[in-house]
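Below is one structure, written out as structure tokens, with a few remarks after it.
The values are calculated or read from the model by the stated rules, or taken from the named source; none is laboratory data. Given the structure is predicted, the values throughout are model-derived calculations rather than measurements. So basically every Cβ, Gly included, is an ideal-geometry build from the backbone, and we count neighbours across all protein chains shown. We work out accessible area using only protein heavy atoms, side chains counted, and drop any ligands, DNA or RNA first. Shrake-Rupley method; radii C 1.70, N 1.55, O 1.52, S 1.80 Å.
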Amino acid sequence: MPEPVISIEGLHKSYGDVEAVRGVDLRVEAGEIFAVVGPNGAGKTTTLEILEGYLDRDAGRVEVLGTDPAEPTRAWRERIGIVLQETALETLLSVRESLELYAGYYSAPRPVDEVIDLVGLAGEANRRAGRLSGGQKRRLDVGLALVGDPDLLFLDEPTTGFDPSARRQAWQMVAGLRDLGKTVLLTTHYMEEAQFLADRVAVINHGVVVADDTPERLGDRGNLPTRISFQVPSGGPSPEEAGIEGITIEPGSHDEILKATFESSSPTADLARLTSWAVEAGIELESLEARRPTLEDVYLDLTNR
Amino acid sequence: MTSIRLALHEFRFSQKIFWRNPGSVFFTVLLPVLFLVIFGTIFGNDPIDTLGGIPTTTYYVPAIVTLAVVSATMVSLAVNLTTAREAGLLKRGRGTPQPSWVFIAGRVGNAVVVSALMVVVVTLVGKLLYGAPVPWRHAPEIALTLVIGAASFCCLGVALTAIIPSREAAPAITNVITLPLYFLSGVFIPENEIPDGVLAFAGLFPVRNFFEAFFTAYGSDTTGFSVEWLSLLAVAAWGLAGLVLAVRFFRWTPKP
């Protein structure tokens with residue numbers, strides 16, 4: 001088995017009396033996009049800043065690219081790129097100048113123009129950082145982390161505060177890093193983001209990892225029942241006649257409508273039974289929907305325990 | 001050699017940022033020149049008898065040079081480093097392979113170069129507007145005073161960031177420290193107007209000592225190598241204290 005890019009065992013960190021991280025274990029493999037999710041104050045940023053070499057830990061074993069981040073070396077810093085939670089840019093330097101400044105910090109930087117294209121700022125290369133939009137500033141920030149051509153990239157809430165289209169652009173950019181063979185560790189509050197980008201997701205709550213799996217399997221998501229819902233006119237044949245167990249029927253949005261829902265572990269068979277009943281009874285199943293639990297459903301369940 | 005290359009890289013960008021910031025250009029470059037013109041206008045050009053009859057404007061050249069160097073070094077560095085710290089720029093930079101000292105070195109280099117430029121500018125403006133003599137013969141003493149003073153006030157500026165809690169507080173705190181000292185030390189008001197006791201008190205602080213060193217170095221009536229060693233030593237002692245405090249208390253990140 002190849003060495004993991006990041007391995008954490010029994011990580012602890014307290015601020016005074018507050019235990020921010022209480023025994024985190026994680027492994028991130030090379031080439032993965034790994035998302036860490038969890039409520040505010042769960043210990044995500046503390047964990048990240050320990051991995052980045054900013055914070056000392058109280059206990060636990062941590063290795064990042066084979067090095068203990070508590071003793072960062074120059075050679076190690078050459079191989080990692082960091083985007084902090086708060087964007088920090090020299091507002092008076094242009095996009096190109098900002099990247100040139102950071103390129104000078106690395107022994108083998110990626111060409112500046114390549115990075116400008118990679119983060120989608122070709123049109124703003126000569127614009128000062130202070131005059132960019134919020135999303136563009138964040139992308140320049142990611143560019144500064146990429147200009148050293150790192151093997152591992154840390155992104156702390158890279159798209160917080162973005163509008164939906166800026167978020168999509170940022171996702172395309174991060175997904176593109178996978179093609180470059182980079183390993184990415186990101187934190188996020190957006191489950192859609194974790195779903196779209198991540199190969200694996202870890203949920204941190206109250207300083208411990210409560211779940212760690214692929215987005216599809218997280219929290220036993222793959223085995224959770226499908227939720228099926230539809231509407232029928234009131235006063236007609238009742239959906240109860242379809243012979244489905246556990247169906248609940250409630251009044252719909254107005255008098256003439258009833259809303260029916262049930263959870264099914266064999267949705268194909270149940271849907272077949274339901275639709276044949278409806279065809280025979282000659283009624284239309286309005287707003288028919290079969291919904292798998294989303295990552296957000298699982299996340300809320302895991303973090304509200 | 002690598003270290004020098006890294007520091008020069010940082011310095012080059014510090015220069016760009018400095019000249020693009022209207023605030024730093026106004027307060028560091030234009031304001032001292034403005035002060036020289038204002039004081040020359042208000043106090044006229046009468047000879048100061050207690051100082052060997054030198055014209056008031058000749059007195060003001062080393063005075064404003066003192067102010068300009070303190071402003072380009074201590075004040076600029078304190079404000080600039082606090083701003084960079086609070087904006088997270090220093091923290092971000094520390095996440096790169098760049099050795100941390102380079103981030104300070106680039107800005108110190110900028111402060112020293114701007115100081116040297118201001119010595120030349122203020123001296124030339126004094127010559128052009130008021131005919132204050134350009135002390136070519138004393139260039140080595142002026143250079144020595146500049147180097148020791150700029151280095152010392154840079155250390156004090158870095159140390160000051162430790163007591164400045166926020167970006168907004170930086171100009172206020174540096175002004176509270178420098179403005180009274182400019183008045184008490186004879187930088188704003190000719191020293192023959194200031195009581196001896198006040199001057200003696202000001203002599204405990206580096207601004208007065210720095211001014212005395214510049215005043216002697218600029219002295220047109222002296223021949224040979226004229227250096228106010230005691231004053232320079234006092235400036236250097238303050239600088240050393242600043243260095244110790246800076247090393248001990250400098251923060252790279254905003255307070256959590």
- Item | Pairs, first in contact (Cβ under 8 Å) with a residue 12 or more places away in the chain in the stretch B:241-256, second in a loop (DSSP other than H, G, I, E, B) and hydrophobic (A, V, I, L, M, F, W, C), C-beta under 9 Å, six or more apart | B:Pro254/B:Ala87
- Query: Out of all the residues in the stretch B:203-212, is one or more under 29 Å from B:Ser100 (Cβ atoms), touching a helix residue (DSSP H, G or I) at 6+ places or on another chain (Cβ under 9 Å) and touching a residue at least 40 places away in the same chain (Cβ under 8 Å)?
  - Reply: yes
- Would you pick out the residues in the stretch B:79-89 that are surrounded by 21 or more Cβ atoms within 10 Å (Cβ to Cβ) and either part of a loop (DSSP other than H, G, I, E, B) or facing chain A (nearest Cβ under 9 Å) (or both)? B:Ala84
- Query: Is it true that A:Arg110 is open to solvent by less than 30 Å² (accessible area, probe 1.4 Å) and either outside any strand (DSSP E or B) or in contact with a helix residue (DSSP H, G or I) (Cβ under 7 Å, 6 or more places away or on another chain) (or both)?
  - Reply: no
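To keep it simple, each residue is scored yes or no on (1) touching a residue at least 60 places away in the same chain (Cβ under 8 Å); (2) in a loop (DSSP other than H, G, I, E, B); (3) open to solvent by 70 Å² or more (accessible area, probe 1.4 Å).
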{"position": "A:Asp212", "(1), (2), (3)": "yes, no, no"}
{"position": "A:Arg221", "(1), (2), (3)": "yes, no, no"}
{"position": "A:Arg227", "(1), (2), (3)": "yes, no, yes"}
{"position": "A:Glu240", "(1), (2), (3)": "no, no, yes"}
{"position": "A:Gly246", "(1), (2), (3)": "no, yes, no"}
{"position": "A:His254", "(1), (2), (3)": "no, yes, yes"}
- In this structure, does A:Leu144 turn out to be within 14 Å of chain B (Cβ to nearest Cβ), of a type in the set (A, V, I, L, M) and either crowded, with 20+ Cβ neighbours inside 10 Å or under 27 Å from the mean Cα position of the chain (by Cα) (or both)? yes
- Output the residues belonging to the stretch A:284-300 that are crowded, with 16+ Cβ neighbours inside 10 Å and within 18 Å of the chain's Cα centre (by Cα). A:Pro293, A:Leu295, A:Asp297, A:Val298, A:Tyr299
- Item | Residue that is nearest to the other protein chains (Cβ to nearest Cβ), among those in the stretch A:47-76 that are of a type in the set (A, V, I, L, M) and assigned to a loop (DSSP other than H, G, I, E, B) | A:Leu55
- Message: On the basis of being surrounded by 19 or more Cβ atoms within 10 Å (Cβ to Cβ), more than 14 Å from every other protein chain (Cβ to nearest Cβ) and among the basic types (Lys, Arg), does A:Lys44 make the cut?
- Response: yes
